[in-house]
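Down below is the structure, laid out as structure tokens.
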Amino acid sequence: MKKNVFKTLGLSLLIASSALTPTAYAAESENIEVTPLSQTTTQEELAAIYVLSEICPTLIDEDKKFTQGYERLVKEHLPKESKAVDVLNKRAKAKDFQKFLVEARKDAKAAADEKNRQICEDVRNY
């Protein structure tokens, strides 16, 4: 069930972000999966996850349940880190990570608030 939630999460972000892309390019869009299917997590996936920490507090009431779901999501993508959220927050400040954050923020901004709100609720219920 967890994998289905985050498959939906990742796909929702990407589908919503590509909604504003011209139709001619829709077939060329690349889906970024945020469900950890392999041992390695891409920078794009981490950026998409980090952006949730930026947008969700304004879309839903951030509470203990959301915080726990977000921590679990980050931990699954950074399993070797004991303080995964702190590691991701630090990475978000790194110069070489900024290009991934810019793209993830654009994707989130292009998505409708309702899509983003649903993703935030999925994280809360994770």
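The values are calculated or read from the model by the stated rules, or taken from the named source; none is laboratory data. Not measured: the values here are computed from a predicted model. For neighbour counting, all protein chains shown are included, and Cβ atoms are generated from backbone atoms with ideal geometry for every residue, glycine included. Ligands, DNA and RNA are excluded from the accessible area calculation, which covers all protein heavy atoms including side chains. Shrake-Rupley method; radii C 1.70, N 1.55, O 1.52, S 1.80 Å.
Annotations
- Flagged links, alpha-carbon separation over 25 Å, of 64/99; 83/106; 64/95; 80/115; 75/99; 64/115: 64/99; 83/106; 64/95; 80/115
- The range 58-104 - charge dipole about Cα centre, Lys and Arg +1 at Cβ, Asp and Glu -1, debye rounded to 20: 240 debye
- In a simple Cβ point-charge model (Lys, Arg +1; Asp, Glu -1; nothing else charged), the range 35-126 has a dipole of about 320 debye relative to its Cα centre.
- Spin-label pair residue 94/residue 63, simplified geometry with 7 Å Cα→Cβ offset, distance in nm: 3.5 nm
- What a 1.4 Å probe finds exposed on the range 41-126 is 48% carbon and sulfur by accessible area, rounded to a whole percent.
- In Hz, Karplus ³J(HN,Hα) per residue of the range 45-59 (6.51, -1.76, 1.60; θ = phi - 60°; x = Gly, Pro): 5, 5, 5, 4, 5, 4, 4, 4, 5, 8, 8, 5, x, 8, 9
- Cα-projected label distance for residue 121 with residue 87, points at 7 Å along beta-carbon direction, nm: 3.2 nm
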